[in-house]
1. Tell me the net charge near N116. Cut-off is 12 Å between Cβ atoms, N116 excluded, with +1 for each Lys or Arg and -1 for each Asp or Glu.
2. Expressed as cubic angstrom per residue, what is the convex hull volume of the alpha carbon set of the chain?
3. Rounded if a/c is under 1.5, else prolate if a/b beats b/c, else oblate: with a ≥ b ≥ c from the C-alpha gyration tensor eigenvalues square-rooted, which is segment 67-117?
4. To the nearest 0.05, how large is the calculated FRET efficiency for K30 and E79 if R₀ is 22 Å and r is the Cβ-Cβ distance?
5. Restricting to Cα atoms and excluding each atom paired with itself, what does the Kirkwood estimate give for segment 25-96 in Å?
6. On a 19 Å Cα-Cα criterion, which of the cross-link pairs K38/K111; K48/K90; K7/K30; K48/K111; K130/K160 come out too long?
7. Ignoring ligands, DNA and RNA, what accessible area per residue does segment 2-129 give at 1.4 Å, in Å²?
8. For the ranges 69-81, 51-63, 140-152, what's the packing order if you count other beta-carbon atoms within 10 Å of each residue, average per peptide, and put the highest first?
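The values are calculated or read from the model by the stated rules, or taken from the named source; none is laboratory data. From a predicted model like this one, the values you see are computed outputs, not experimental measurements. Here the Cβ positions follow ideal geometry from the backbone for every residue, glycine too, while neighbour counts run over all protein chains shown. Ligands, DNA and RNA are stripped out before the accessible areas are found, and what is left, the full protein with its side chains, is counted by its heavy atoms. Shrake-Rupley method; radii C 1.70, N 1.55, O 1.52, S 1.80 Å.
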Amino acid sequence: FPSHELKTPVTSLKLYTQILEERFQKIRDKNSLQMLQKMDVQLYKLSKLVQHLLDVSRLEKGKLGYQEQQFPLNQLITETIDELHIISPKHQLIFRNHINCPVNADKDRIKQVLINLITNAIKYSPNADKVIIQTTAKNHFTQISVQDFGIGIPKTLQPKIFRR
């Protein structure tokens, strides 16, 4: 599929959602506004899923781009946590050990990995109420870790974590 065939319907739905949101705000229809906000969250998830599918396709073809740039890692982590908190307000997303340093990396790819790790932590710890995100510095490298309090991965499956 060409990417526009997947992205265009989602973009159109997002636009119609914004138009309806403005109309419901004018007439002060709180119930409809709440439904639209829930719809917006689902559209965000769908948009991320489409982007992920396109990235996997590009990766398989060896055409996944890499845009290295310098950016403040703390800011990216904080923005990601703020976005994900809207999607899953039940979980407390705690950011610890703020390493205040710029990093050189592909900002979008780092954010994508963060989103995947944090959403998996939320998904697989439904009975827990917090996820801890930490940064540590070692030998000119910054490490990000995501800790949840969920069911865990059985020891027998852990060697397969990074396999397709």
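1. On the way: positive: K48, R109, K111, K123; negative: D55.
Here the charged neighbours net out to +3.
2. On the way: hull volume 26.6 nm³, N = 164.
Per residue, the Cα convex hull of the chain comes to 162 Å³.
3. On the way: a/c = 2.85, a/b = 1.59, b/c = 1.80.
Because a/c hits 1.5 or more and a/b fails to exceed b/c, segment 67-117 counts as oblate.
4. On the way: r = 28 Å, r/R0 = 1.27.
Rounded to the nearest 0.05, the efficiency is 0.20.
5. Numbers: mean 1/r = 0.0650 Å⁻¹.
In segment 25-96 this quantity evaluates to 15.4 Å.
6. Details: K38/K111 23 Å; K48/K90 21 Å; K7/K30 29 Å; K48/K111 11 Å; K130/K160 26 Å.
Listed pairs above 19 Å: K38/K111; K48/K90; K7/K30; K130/K160.
7. Working: 8900 Å² over 128 residues.
Using a 1.4 Å probe on heavy atoms only, each residue of segment 2-129 averages 70 Å².
8. Values: 69-81: 15.5, 51-63: 11.7, 140-152: 13.5.
Per-residue mean Cβ counts within 10 Å order the peptides as 69-81, 140-152, 51-63.
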